[in-house]
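Every read-out reported here was derived from the displayed coordinates using simple, explicitly stated rules and does not represent laboratory data. Given the structure is predicted, the values throughout are model-derived calculations rather than measurements. Quick reminder, even Gly has a Cβ in these numbers, built from the backbone with ideal geometry, and neighbours come from all protein chains shown.
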Amino acid sequence: MRKAATPLARRVAHALLRAGGVAAGVVVIAFLLGRLIPGDAATALLGSRATPEAVAELRGRLGLDEPLPVQLWEFLTRLVTEGDTGASLVNDVPTRELILARVEPTLWLVAFAAVFAVVLAVPLALWAATHRDGVADHVVRILTTAGIAMPAFWTGLLLILLFSVRLGWFPVGGVRDGYPVSVVLPALTAAFAIVPILVRSLRVQLVEVLRADFVATLRAAGLPERRILARHVLRNAALPALVLVGTNISYLLGGALIVEKVFALPGLGDLMFDAVGSRDLPVIQGVVIYSALAVVLVTLVTDHLAALLDPRLRRAA
Amino acid sequence: MTAAPVTSAAPEATELAVPLPLLRRALAHRSLIAGLVLVGAVVVAAVCAPLIAPHDPAAQDLRAALLPPSGEHLLGTDHLGRDVFSRLVYAARTDLRIGAVTVVVPFVVGTLVGSVAGYAGGRLDRVLSYLVDTVLAFPFYVLILAIVAVVGTGERGIYVAYALVGWVAYARVTRSATSVTAAQPWVHAARESGLSHRRVLLRHVLPNTLPQAVVFLFTDVVFVIAAVVTLSYLGLGIQPPTADWGSMIADARAFLTTKWWLAAAPGLAVVVTGVGLSLVADGLTDLWGER
């Protein structure tokens with residue numbers, strides 16, 4: 001009986017299928033990226049002064065002499081069997097190893113940024129929602145509007161100026177001081193980029209929560225407002241905040257890579273910039289694919305984490 | 001959206017509901033006006049740059065490098081002795097123009113694709129939403145950097161990269177607005193009365209969905225300007241000697257501890273422009289939401 005399957009199981013199956021489809025699309029787009037190069041890719045990558053032998057050699061290495069479907073097939077097989085997009089054109093090291101060597105700072109950075117974002121966004125959204133159309137609401141609105149307009153690299157420079165140069169609390173950059181102290185300022189910078197988005201969505205949700213029947217009941221029961229907010233409303237806000245980080249993970253990760261550059265963290269962003277500078281196609285494709293696959297995975301997990309933790313969402317399916 | 005205050009007594013609610021929309025309307029106008037004033041100021045500065053800038057933005061004078069702010073140089077001079085205020089004003093020209101040009105193709109393409117998919121529904125719609133999901137899975141800057149690396153840096157790289165990526169967001173916004181509108185009874189009535197799909201979509205559905213795309217356009221320009229400035233900061237966008245806010249901040253990095261205003265001023269210019277555009281978007285949302 002098909003109908004016997006629980007809505008959640010069916011939803012998970014559907015989501016898995018969809019995520020798989022998106023993952024496949026991601027790989028195909030990343031592959032086609034290399035074919036966007038105007039003119040002969042090998043010549044473009046090596047520069048106009050390259051010898052014909054070098055160009056021919058690179059054409060062979062990139063498989064450019066094969067028909068497109070064959071190239072795609074080889075690209076896919078290598079990715080699936082070896083988890084690799086080919087060796088770096090600069091130092092011949094497999095992309096997979098380059099990425100593994102650089103993933104640690106990025107993971108620290110993104111994890112801390114996610115935590116900071118929730119910690120900053122929830123109180124701000126709560127403050128705005130409880131003073132709807134009041135002064136606090138407008139202050140938060142102005143802050144988030146300005147926050148959206150601030151380029152992350154500039155925020156990073158301001159934070160360096162304040163916390164590293166003036167106050168001397170955190171290192172100016174690099175990872176010499178170890179984790180997590182090296183990623184505190186970078187994570188704060190990356191968090192600032194998504195806090196405005198989180199606050200705006202959360203504020204709307206919290207306004208709904210505050211209007212909910214159970215809040216009215218609690219008030220009628222004579223519970224102090226502070227206690228209602230801390231014990232009941234906040235709990236209803238934490239999960240949506242986490243889910244919002246998940247849905248915005250793509251934005252957070254992209255911003256984090258830029259932030260790495262500002263703070264000289266040797267993570268994936270740094271690897272990406274070096275690769276972009278030297279037009280190292282396999283490495284660029286590797287970072288593109290792995291970062292997008294990470295986004296697909298995180299989105300999949302957060303969507304269903306919410307459903308698993310919150311029975312109401314499970315039934316809503 | 002019914003944003004009335006929480007009241008249980010119905011008659012009271014109607015009494016309260018009268019002044020509230022008026023207040024909200026006024027607020028909406030206030031944010032719209034504030035936004036238009038800010039954006040207008042930046043646009044005027046950009047257009048009239050030669051009249052406003054006291055110096056040639058590219059004129060170097062190494063003997064007058066890194067001067068502090070003064071009457072002669074309102075924001076001092078940079079490491080090559082160029083007048084920072086003049087560069088700031090000319091940079092508005094570059095960044096606003098590129099920001100405005102960049103969004104044209106994504107706006108047109110995305111709105112059209114989203115309209116057709118939302119109106120037609122079915123398989124076409126499913127293909128589109130799959131494509132949208134796939135493109136949105138890429139972290140924005142990662143994809144933009146990759147495309148710029150492949151097609152080349154500078155203005156052209158920015159246009160190509162954003163044309164390939166940016167339409168997706170417009171398609172998503174327009175698609176959901178269109179599928180809601182297309183389900184309205186009057187759309188059905190329009191079809192019944194013998195109008196073609198093309199006419200119903202372009203003349204009747206699109207005018208109802210376009211406001212949302214236009215609001216998104218203003219939000220998107222904020223995003224694009226931040227991206228242009230970021231790429232230029234990284235050395236992949238506007239190339240010297242053209243003045244742009246991002247490369248100005250990049251130049252100022254080395255002097256962050258002693259001449260902080262060199263980095264602060266261009267960043268503030270970005271923020272003021274962005275806040276102005278966001279306020280316009282907010283004002284338009286509230287205004288059009290009232291209808």
### Query
What is the magnitude of the charge dipole of the protein assembly as shown about its Cα centre, with +1 placed on the Cβ of each Lys and Arg, -1 on the Cβ of each Asp and Glu, and no other charges, expressed in debye to the nearest 20?
1900
### Query
About its Cα centre, what dipole magnitude does the range A:103-316 give when the only charges are +1 on Lys and Arg Cβ and -1 on Asp and Glu Cβ, stated in debye to the nearest 20?
780
### Task
Using only the Cα atoms, work out Rg/Rh for the range A:238-317, with Rh taken as the Kirkwood radius, to two decimals.
1.14
### Message
Give the average, rounded to an integer, of partner chain Cβ atoms located within 10 angstrom of each Cβ in A:256-262.
### Response
3
### Summary
chain B, Gaussian network, Cα under 10 Å: of B:59, B:213, B:117, the residue fluctuating most is B:59
### Partner chain coverage, peptide B:151-164 - average Cβ within 10 angstrom
1
### Task
Just check the range A:7-82 against the gyration tensor rule for me: Cα atoms, a ≥ b ≥ c as the square roots of the eigenvalues, rounded for a/c under 1.5, and otherwise prolate or oblate depending on whether a/b exceeds b/c.
prolate
### Task
May I ask you to derive the relative contact order of chain A, considering only C-alpha pairs under 8 Å and at least 6 residues apart, and to give it as an integer percent?
27
#### Entry: Whole-angstrom Cα spans of the range A:43-106 along principal axes, big to small
39, 28, 14
### Task
Identify which of A:179, A:290, A:251 has the largest mean-square fluctuation in a Gaussian network model of chain A, with springs joining Cα atoms closer than 10 Å.
A:179
### Task
Whole Å is fine, so just give me how far the alpha carbon centre of the range A:120-189 lies from that of the range B:52-78.
32
### Query
In terms of the ratio Rg/(2.2 N^0.38 Å) built on C-alpha atoms, what value belongs to the range A:103-316?
1.14
### Summary
In a Gaussian network model of chain A with springs linking alpha carbons closer than 10 Å, the residue among A:30, A:212, A:306 that fluctuates most is A:212
### Query
Where nothing but the Cβ of Lys and Arg (+1) and of Asp and Glu (-1) is charged, how large is the charge dipole of the range B:175-291 around its Cα centre, in debye to the nearest 20?
380
### Task
Take the Cα gyration tensor of the range B:121-167, multiply each eigenvalue by 5, square-root it, and list the three semi-axes largest first, rounded to whole angstrom.
25, 11, 6
### Task
Rounded to the nearest 500, what is the 222 nm mean residue ellipticity of chain A from helices alone, with -39500 (n - 2.57) per DSSP H run of 4+ residues and division by all residues?
-24500 deg cm²/dmol
### Task
Among A:302, A:251, B:179, flag the residue with its Cα farthest along the positive direction of the charge dipole of the protein assembly as shown, charges on Cβ as +1 for Lys/Arg and -1 for Asp/Glu.
B:179
### Packing-based exposure ordering (other Cβ within 10 Å, fewest first) of A:189, B:111, B:258
B:258, B:111, A:189
### Query
If one computes the Cα centroid of the range B:214-291 and of the range B:124-143, what distance in Å separates the two points?
25
### Task
May I ask you to list the residues of the range B:131-150 whose amide nitrogen lies under 19 Å from a point 7 Å from Cα along the Cα→beta-carbon direction of residue A:50?
B:146-150
### Task
Kindly provide the Kirkwood hydrodynamic radius of chain B in Å, to one decimal, from all pairs of distinct alpha carbon atoms.
21.7
### Task
Apply the Karplus parameterisation 6.51 cos²θ - 1.76 cosθ + 1.60, with θ equal to phi minus 60°, to every residue of the range B:168-174 and state each ³J(HN,Hα) to the nearest whole Hz, in sequence, with x for glycine and proline.
4, 5, 5, 4, 5, 4, 5
## Note on the structure
Mean per-residue count of partner chain Cβ within 10 Å for A:141-150 equals 6
### Task
Sorted from largest down, give the three principal axis spans of the alpha carbons of the protein assembly as shown, whole angstrom values.
82, 74, 59
